[in-house]
Amino acid sequence: MSLKTYITRLSFIAFLLVSFLSLPNHAFSQADELPTSEEAIANGEELFNGNCAVCHQVQNKMVGPALKNVYERRDIPWLIGFIKNSQKVIQSGDEYAVNLYNEYGKTVMPSFSYFADEEIKNILGYIKYQTDNPPQAATADAATADGEAATAGGGGIPSEYLTIIIVGFVIVLVLILIVLVLIVTVLTRFINQKEDIDDRDKEYVNQKVNFNQLVRSNGFLFFVIFIFTAIVAKTVIDGLYTVGVQQGYQPTQPIAFSHEIHAGQYEIECQYCHTGVMISKSANIPSANICMNCHSAIKTESKEIAKIYKAIDYNPETGEYGDNVKPIEWVRVHNLPDLAYFNHSQHVNVGEIECQTCHGPIEEMAVVKQWNTLTMGWCINCHRETKVNAKGNAYYDDLVKAHDGGDLKVVDIGGLECSKCHY
Ligand code: HEC
Ligand code: HEC
Ligand code: HEC
Ligand code: HEC
Ligand code: HEC
Ligand code: HEC
C-alpha cells in the first residue's frame, strides 16, 4: 500500500471518529440557536424572574421541573409551543408532555401566549446560561439541602447535642464518684487492718458524717433561705420585665398556611407575598389573589385550600367567582404598641438586614411565632451594635469620612434618638 492511500484511509477513519463523537451535540441539540448576547440573557432573566421563578428554578425542582438542560430534553419549537400553551400540547396527546403533566400532579402551567418567540428564546438562553454557569449559592444550597437537618438553626450547638453532652457529663461524674467511693473503702479497710496505728487515728478514719447535726446547723438554714429568696426574686424581676412582651406568641391561624412548605421547601421569595417589605413601612399580609396564582391549580382538593375558595367565593368546578367575598381573618403575630414607629423598608432595603435576623427561621416554621422580644431594649441594642450599610450610598460619605472611615453604627446616625422611634 502506498503512503498516500495509507494517509487517505487514516484521515477518513479519523473523520468518521470525529463526526461520530460530535454527533450528539449537532444532531440532537439546537442549543446553538439560543441567543448568547448579554442583552438577550438579561432580558431572559427579567422575564424568567417575573413569570416563571414562582414555579421553576433552573437547578432545583420546585412546583415545576428544574429547567436546566431542558433545551436538550426537547427541541426549541416544542418548547416554544409548550410555554405558549402547555395545555394544548398536553391535550394533543404528546406522550412526553402527558407524562410530565401526570408526574407533576396535573398542575396546570399557565399559558404565555402573549410572548414573542424571540422572548421565549431569550428565556431559554438565560436557562442555558444558568445551566452552564450555575451560581455559587445554588450549588451551595444543593449541597446543604442534603445535610439540612444537621446544620439547621445556623451556628452553635444544636439542642439535641447539648442534651447528649450534658447526659454524658453526668454519667462521667457518677463514674468518678463510684471510683472515689471504692478507693475510700479499700483504703479504710487497709488502714483498719494495720496494727501499728493508734486509736485516735483509727477513729478519725472510721468517722461517719452526721447528717442530723448538719441539717440543724445555722449555716445550713441560712444557705437554704438564701437560695429560696434568690429564686423567688429572680422570678418576680423576670416577670416584671416581660409584662407585655409576647416573645414566642404563636396563635393558630384560620388556614393552616405553612411557611415551612412555601418559603422553605418551595423557596418562594418572602417579597412575592409580603409585597410591601422593600418599599414601605409595613410588610403586608398577602391577599387571597396571591394565593390563587398557584392554588387555582395546586392542591385544589385540599380542605384548607377550600377555605381560600370560600373567602373569595370561587367555585373550583366552574372556575367562576361570586360576589360573597370575605377577607381571610389572619391573626396578627407581631404588633408594636402605637407609640412606636418601625419601618421595614428602612431595615430590609436600606439596611439590608435579613428577615431572619428579626423574625428567626421563618422558613422552618409550620406556624409563625414571634421569635424576638420586640422590646425597646432589643431595638436599641441592635442600633448600638450594628454598622450602617453605607457602602455605595453617597448620602453617608461625609459621615463615614468624619469617622475616619471606621465603624459607622446606627447610634452614630441618631438611632437612639427618642423621636426617631416615637411619634
Ligand atoms: C404556576 C406554575 C408555573 C409557572 C408560573 C410556569 N410553569 Fe413551567 N411548568 C409548571 C409545571 C407544573 C410543569 C410540569 C408540566 C405540567 O404539569 O404541565 C412545567 C413544565 C415546564 C416545562 C417543561 C419542562 C421539562 O422538563 O420538560 C418548561 C420548559 C417550562 N415549564 C417553562 C416555563 C417557563 C419558561 C415559564 C415562564 C414563562 C413557566 N414554565 C412558568 C409550572 C409552571
Ligand atoms: C406564599 C406566601 C408567603 C410567603 C412566600 C411568605 N409568607 Fe410570611 N406570611 C404569609 C401569610 C399568609 C401570613 C399570615 C398567616 C401566618 O401568620 O401564618 C404570613 C405571616 C408572616 C409573618 C407574621 C406576620 C404577623 O402577623 O405578625 C412574618 C414575620 C412573615 N410572614 C415573614 C415571612 C418571611 C421572613 C418570609 C420569607 C422567608 C415569608 N414570610 C414568606 C404568606 C407568605
Ligand atoms: C408560588 C406558588 C404558591 C403560592 C403563591 C401559594 N402557595 Fe400554598 N402551596 C404551594 C405548593 C407548591 C404547596 C404544596 C402542595 C403539595 O404539598 O403538593 C402548597 C400548599 C399549601 C397548603 C397545604 C395544602 C394541603 O392540604 O396540603 C396550604 C393550606 C396553602 N398552600 C395555603 C396557601 C395560602 C393561604 C396562600 C396565600 C397566602 C398560598 N398557599 C400561596 C404553592 C403556593
Ligand atoms: C429589624 C428587624 C426586622 C426585620 C429585618 C424584618 N422585620 Fe418584619 N417586623 C419587625 C417588627 C418590629 C414588626 C412589627 C411591626 C409593627 O407592629 O408595627 C414586624 C412585622 C412584620 C410583619 C407583620 C405585618 C406588618 O408589617 O406589621 C410581617 C409580615 C413581616 N414583619 C415580614 C417581614 C419580612 C418578609 C422581612 C424580610 C424581607 C422582615 N419582616 C424583616 C421587624 C423586622
Ligand atoms: C437587627 C438590628 C436592628 C434591629 C433589631 C432594629 N433596628 Fe432599627 N436600624 C437598624 C439599622 C442597621 C439601621 C440603619 C439603616 C440605614 O439607614 O442604613 C436602622 C435604622 C432605624 C431607624 C432610622 C434611624 C435614622 O436615624 O435614620 C429607625 C427609626 C429604626 N431603625 C427603628 C427601629 C425600631 C423601632 C426597632 C425595634 C422595633 C428597630 N429599629 C430594631 C438595625 C436594627
Ligand atoms: C430604636 C427605637 C427606639 C428609640 C430610639 C427609643 N424607643 Fe422607646 N420604645 C421603643 C419601642 C419599640 C417601644 C415599645 C416596646 C414594648 O412595647 O415593649 C418603646 C417604648 C417606650 C415607652 C413605653 C414603655 C411602655 O411600657 O409602654 C417609653 C416611655 C419610651 N419608649 C421612652 C423612650 C425615650 C424617653 C427614648 C429616648 C431616650 C426612647 N424611648 C427611645 C423604641 C425606641
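The values are calculated or read from the model by the stated rules, or taken from the named source; none is laboratory data. Since the model is a prediction, treat every value here as computed from it, not as a measurement. Cβ sites come from the backbone with ideal geometry, for glycine too, and all protein chains shown count toward neighbours. Calculation scope for accessible area: heavy atoms of the full protein, side chains included, ligands and nucleic acids excluded. Shrake-Rupley method; radii C 1.70, N 1.55, O 1.52, S 1.80 Å.
Some observations on this one:
- Any hit, the stretch 329-349, residues being open to solvent by 40 Å² or more (accessible area, probe 1.4 Å), modelled with pLDDT of 90 or more, within 30 Å of LYS299 (Cα to Cα) and in contact with a Gly (Cβ under 6 Å, 6 or more places away or on another chain): no
- Whichever residue in the stretch 367-383 is open to solvent by 50 Å² or more (accessible area, probe 1.4 Å) and more than 25 Å from GLY414 (Cβ to Cβ) and, among such residues, is nearest to ligand 2 (Cβ to nearest atom): VAL367
- For the stretch 318-329, the count of residues that are closer than 30 Å to HIS422 by Cα and of a type in the set (A, V, I, L, M, F, W, C) is zero.
- Any chance VAL70 is away from ligand 5 (no atom under 16 Å from the Cβ) and more than 24 Å from GLN130 (Cα to Cα): no
- Enumeration of residues in the stretch 365-392 that are touching a helix residue (DSSP H, G or I) at 6+ places or on another chain (Cβ under 8 Å) and within 16 Å of ligand 3 (Cβ to nearest atom): MET365, ALA366, VAL368
- In the set THR275, THR188, only one residue is on the phi < 0 side of the Ramachandran plot, open to solvent by less than 90 Å² (accessible area, probe 1.4 Å) and assigned to a helix (DSSP H, G or I); that residue is THR188.
- Put simply, of GLY93, GLY154, GLY168, GLY147 the only residue that is within 16 Å of ligand 5 (Cβ to nearest atom) and either among the small types (Gly, Ala, Ser) or at pLDDT 85 or above (or both) is GLY154.
- Qualifying residues in the stretch 297-322 (those that are in contact (Cβ under 8 Å) with a residue 40 or more places away in the chain and of a type in the set (Val, Ile, Thr)) - the one most open to solvent (accessible area, probe 1.4 Å): ILE298
- Residue in the stretch 256-268 that is surrounded by 16 or more Cβ atoms within 10 Å (Cβ to Cβ), touching a residue at least 60 places away in the same chain (Cβ under 8 Å) and within 16 Å of ligand 5 (Cβ to nearest atom) present: no
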